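Written below as structure tokens is the structure these notes are about.
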Amino acid sequence: MRILAIETSCDETSAAVCEGDGDSVRILSNVVGSQVATHERYGGVVPELAARRHAEMIIPAIKEALARAQEGYARVDAIAVTYGPGLMVSLTVGVETAKAFSYASGLPIIGVNHIEGHIYSVLADGVVSYGKNAESELTARFFSAPALALIVSGGHTELVKIERYGSYEYIGRTRDDAAGEAFDKVAKMLGLQYPGGPAISKLAVNGRRDAYDIPRPMMDSDDFQFSFAGLKTHVLYSVEKLKKEYGEDGFRALIPDIAASSEEAICEVLIAKTARAALANGISSIIVTGGVSANSRLRELFREAAFAYDFTVYFPQLSLTGDNAGMIGIAGYLKARYTGKYDDAFTLRANPDLRF
Ligand code: KG4
Ligand code: ZN
């Protein structure tokens, strides 16, 4: 079964072709048009601009994805599209494009939950895993035992328990900022480029992780909720104080230390909560996905935790950590295979608040 997949939930315009066969599914092509250049001067995504760029870029992205997969449109069996959660105006571009294609071609549509896409990105080639079962085949494990997914991006920090395919439960989420947002905001305070996560990560390599005592909000609370607003405010006050003390020039030399200390605090909170949630639920497979899962310190600390607490942790290959249509094609294929349910060109609607 060949699937043309479309993803426009936030600020990446993406189209992909995936091929599923039994329990395995491959990404044949995955075109991701980043809008970073459009939004960086605003320090965050501007929905109206994102939607306009999606409208301009979606057809060229689809054309390119089909060409790279060497698939003619006639060889596609279904169209998968993200219909939520995300920005309403952005989602609408992808959903309406998919509906137009479906109506014109008669191909069925598969509406995909964006979070499900992130979860199943680990089924693609290039998955990185650590821990006792790291070498075992994930697909088989996935459908035979429960797993816990930590989805961390600019818009999400959620812990989802997956009982089996199609059965999900949110067990934790952020009360305020998402983990990626915390990286982005700290980066902005340090005068770094948007998006801030990669910039912080790069500088942190040359910084001391214990240079500053950054709070780890809610790290020891019994629930599985996250909060990053306090951490952000703490860094803001520290930056103001250090600038007064050292002057702008002197302050610049401290940036790697602040980056490394902030990164350590964010990563430690994410890992402590996830590990505790896994233990409390008797789960030994953990999936970490979303833009922040590209962070190398996060991967390193999860690796240590996997051996310390005896679980296996899975990360998607780096090119699939951020938003992309390849993961939507994978989730779409699984939905068609395991539920047999399709949507149609007249009833599917974008849903910015979609939940499981
Ligand atoms: O999944 P994504 O591409 O888009 C959504 O937000 O849905 O995630 C982008 C987020 C940004 O906040 C970015 O700063 C963060 O992921 N990010 C990182 C890294 N790469 C991207 N955060 C920390 N370390 C990284 N290496
Ligand atoms: Zn996402």
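The values are calculated or read from the model by the stated rules, or taken from the named source; none is laboratory data. As the structure is a prediction and not an experimental result, all values here were calculated from the model. In this analysis, Cβ positions are derived from the backbone assuming ideal geometry, glycine residues included, and neighbour counts consider all displayed protein chains.
Could you check residue 53 against (1) away from ligand 1 (no atom under 14 Å from the Cβ); (2) touching a helix residue (DSSP H, G or I) at 6+ places or on another chain (Cβ under 6 Å); (3) under 19 Å from residue 116 (Cα atoms); (4) charged (D, E, K, R) and say which number it fails?
Among (1) away from ligand 1 (no atom under 14 Å from the Cβ); (2) touching a helix residue (DSSP H, G or I) at 6+ places or on another chain (Cβ under 6 Å); (3) under 19 Å from residue 116 (Cα atoms); (4) charged (D, E, K, R), the lone unmet condition for residue 53 is (3).
Just the residues that are out of contact with any Asp or Glu (no Cβ under 6 Å at 6 or more places or on another chain) and either at pLDDT 90 or above or within 20 Å of residue 304 (Cα to Cα) (or both), please, taken from the stretch 139-153.
Answer for the stretch 139-153, where residues must be out of contact with any Asp or Glu (no Cβ under 6 Å at 6 or more places or on another chain) and either at pLDDT 90 or above or within 20 Å of residue 304 (Cα to Cα) (or both): 147, 148, 149, 150, 152, 153.
Please work out which one of (1) buried (at least 17 other Cβ atoms within 10 Å of the Cβ); (2) of a type in the set (Ser, Thr, Tyr); (3) more than 16 Å from ligand 2 (Cβ to nearest atom) is the condition residue 321 fails and give its number.
Failing condition for residue 321: (3).
May I ask you to verify whether residue 277 is more than 17 Å from residue 224 (Cβ to Cβ), in a helix (DSSP H, G or I) and more than 16 Å from ligand 2 (Cβ to nearest atom)?
Working: more than 17 Å from residue 224 (Cβ to Cβ): no; in a helix (DSSP H, G or I): yes; more than 16 Å from ligand 2 (Cβ to nearest atom): yes.
So residue 277 does not fit the description; no.
Name the residues in the stretch 20-41 that are without any contact (Cβ under 8 Å) to a residue 40 or more places away in the chain and either of a type outside the set (S, T, N, Q) or not in a strand (DSSP E or B) (or both), would you?
If the condition is that a residue be without any contact (Cβ under 8 Å) to a residue 40 or more places away in the chain and either of a type outside the set (S, T, N, Q) or not in a strand (DSSP E or B) (or both), then 21, 22, 33, 35, 37, 38, 41 are the ones that fit.
Condition check ((1) touching a residue at least 24 places away in the same chain (Cβ under 8 Å); (2) surrounded by 13 or more Cβ atoms within 10 Å (Cβ to Cβ); (3) not β-branched (Val, Ile, Thr)) across all residues:
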residue	(1), (2), (3)
201	yes, yes, yes
204	yes, yes, yes
207	yes, yes, yes
223	yes, no, yes
228	yes, yes, yes
242	no, yes, yes
253	no, no, yes
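If we keep just the residues of the stretch 150-190 that are within 15 Å of ligand 1 (Cβ to nearest atom) and in a loop (DSSP other than H, G, I, E, B), which is farthest from residue 228 (Cα to Cα)?
Of everything passing the filter in the stretch 150-190, 190 is farthest from residue 228 (Cα to Cα).
For residues that are of a type outside the set (A, V, I, L, M), surrounded by 24 or more Cβ atoms within 10 Å (Cβ to Cβ) and part of a helix (DSSP H, G or I), scanning just the stretch 280-318, find the one that is farthest from ligand 2 (Cβ to nearest atom).
By that ranking, first place goes to 302.
Under 9 Å between Cβ atoms, which residue pairs at least 6 apart in sequence (or on different chains) link something in the stretch 177-192 that is within 15 Å of residue 267 (Cα to Cα) with a partner that is among the basic types (Lys, Arg) and within 10 Å of ligand 1 (Cβ to nearest atom)?
Sorted first by the residue in the stretch 177-192, then by its partner, the pairs are 177/185.
If I filter the stretch 339-348 for residues that are closer than 22 Å to residue 150 by Cβ, modelled with pLDDT under 95, outside any helix (DSSP H, G or I) and among the hydroxyl-bearing types (Ser, Thr, Tyr), do I get at least one hit?
no
Restricting to the stretch 7-33, count the residues that are within 12 Å of ligand 1 (Cβ to nearest atom) and within 18 Å of residue 84 (Cβ to Cβ).
The total comes to 7.
Could you list, in sequence order, the residues of the stretch 254-268 that are within 17 Å of residue 298 (Cα to Cα) and of a type in the set (A, V, I, L, M)?
The answer is 258, 259, 260, 265, 266.
Just checking, which of 97, 82, 8, 92 is surrounded by fewer than 20 Cβ atoms within 10 Å (Cβ to Cβ) and either farther than 26 Å from residue 152 by Cβ or not charged (D, E, K, R) (or both)?
92
Within the set of pairs 6+ apart or on separate chains, which have a first residue in the stretch 93-104 that is without any contact (Cβ under 8 Å) to a residue 24 or more places away in the chain and over 19 Å from residue 77 (Cβ atoms), a second that is of a type in the set (A, V, I, L, M, F, W, C) and part of a helix (DSSP H, G or I), and C-beta atoms under 7 Å apart?
none
Return a yes/no flag: does the stretch 153-161 have any residue that is more than 16 Å from ligand 2 (Cβ to nearest atom) and out of contact with any Gly (no Cβ under 6 Å at 6 or more places or on another chain).
Taking the stretch 153-161 and keeping what is more than 16 Å from ligand 2 (Cβ to nearest atom), we get 161.
From what's left, out of contact with any Gly (no Cβ under 6 Å at 6 or more places or on another chain): 161.
Checked against the condition, which is being more than 16 Å from ligand 2 (Cβ to nearest atom) and out of contact with any Gly (no Cβ under 6 Å at 6 or more places or on another chain), the stretch 153-161 yields at least one hit.
Would you mind telling me which numbered condition in (1) within 16 Å of ligand 1 (Cβ to nearest atom); (2) in contact with a helix residue (DSSP H, G or I) (Cβ under 8 Å, 6 or more places away or on another chain); (3) not aromatic (Phe, Trp, Tyr) residue 115 fails?
All conditions pass for residue 115, except number (2).
Against the conditions (1) in a loop (DSSP other than H, G, I, E, B); (2) surrounded by fewer than 17 Cβ atoms within 10 Å (Cβ to Cβ); (3) touching a residue at least 40 places away in the same chain (Cβ under 8 Å), where does residue 218 fall short? Just the number, please.
For residue 218, the failing item is (2).
Using the structure shown, decide if residue 181 is acidic (Asp, Glu) and more than 21 Å from residue 296 (Cα to Cα).
Values: acidic (Asp, Glu): yes; more than 21 Å from residue 296 (Cα to Cα): no.
Criteria not met by residue 181.
What's the total number of residues in the stretch 61-103 that are closer than 20 Å to residue 2 by Cβ and assigned to a helix (DSSP H, G or I)?
Count: 19.
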